[in-house]
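Report on the structure given below.
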């Protein structure tokens, strides 16, 4: 989810467009974003919640952890 | 991703018996976390002196490509998937096992501002490196996701081109990888892969040797078996190149080669007299 715009950049609203083709790795349902920390170009922290299985996938330091839920603790 | 010469000789993991899928994933993860930290694919004691740039040149990258984001080249590929087919401006590209992002950044140049590149990797260290490299070089059209390549966090029918460089051999379930790749590709989407395949069967001991598994050998399949899996996933397959010399140069003469293939998601042909 790196959305830096220094020299090959995109409009600011592109960071939300980047979510267009993201989905739950398990049920493939769409994810809804709750951004907790963001700058002009990138979502740094927050959650992506699966609309079907309701699992919260964590975004940390600009990278969403989209490993299947049962494996997140051991990974 | 590949081992360098001598890796076979310096097993660092005590292990015996057949590995389960989750064990394979952990072995691969542990190895590439270390590579991400050390910045090289080489084990500590192998004594090989080929750097990532030398390896990059040997496996098909141009000097211009190697100069794009040099610190993202860890010398872990077995080919240049970007050279295998056209990546067009505006395309959405997915890299399976994106590592430090080297191939993603090359693809990002090709797709331009109207396209985007998604890298998926399961190793935190690699993802952190990739993100730092993207930030340093200002790639706004590249994003990285932590995930498994056999359970992609990517929508159906949303990707124009998939690339993967010497990674699928590391996956315990290669059919699941190709099936998920097929799922996320758009109709007429294409996949360009460089991967290690075997020319002769390995022993059970070799298949379970963690160093060989992490080094792209232990989990590799015989070429015919590999191609059968790609076809079973639904793809039309085209062999684009075979590199048998790579075995002598980088794999201690083990019976393997680097296979470059194109895999195409085409609509099912219409069969006369059959309606669906």
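Packing, taken as the mean count of other beta carbons within 10 Å per residue, orders the peptides B:163-176, B:241-254 from highest to lowest as B:163-176, B:241-254. Listed by Cβ neighbour count within 10 Å, with the fewest neighbours leading, B:131, B:179 appear as B:179, B:131.
Under the criterion of Cα pairs below 8 Å and six or more residues apart, the relative contact order for chain B equals 21 percent. Residue ranges A:46-58, B:189-201 sort as B:189-201, A:46-58 when ordered by packing (mean number of other C-beta atoms within 10 Å per residue, highest first). Roughly what % antiparallel, to the nearest 5, for the DSSP beta bridges in segment B:21-265? The antiparallel proportion sits near 45 percent. Across peptide B:132-140, the average count of Cβ atoms from other chains found within 10 Å of a residue's Cβ is 6.
The convex hull defined by the C-alpha atoms of segment B:58-185 has an orientation-averaged projected area of 7.1 nm². Counts of other chain beta carbons within 10 angstrom of each beta carbon in peptide A:26-36 average 1. The orientation-averaged projected area of the convex hull spanned by the Cα atoms of segment B:21-265 comes to 11.6 nm². Arranged from fewest to most other beta-carbon atoms within 10 Å of their beta carbon, A:70, A:42, B:135 become A:70, B:135, A:42.
Sorting the Cα pairs of segment B:109-153 by distance into bins of 10 Å, from 0 upward, gives 27, 50, 23 percent per bin. Across peptide A:57-65, the mean count of Cβ atoms from other chains lying within 10 Å of each residue's own Cβ comes to 5.
No lab work stands behind these numbers, since they all come straight from the coordinates. Just so we're clear, the structure is a prediction, and the values are computed from it rather than from any experiment. Note: ideal-geometry Cβ built from the backbone for every residue, glycine included; neighbour counts use all protein chains shown.
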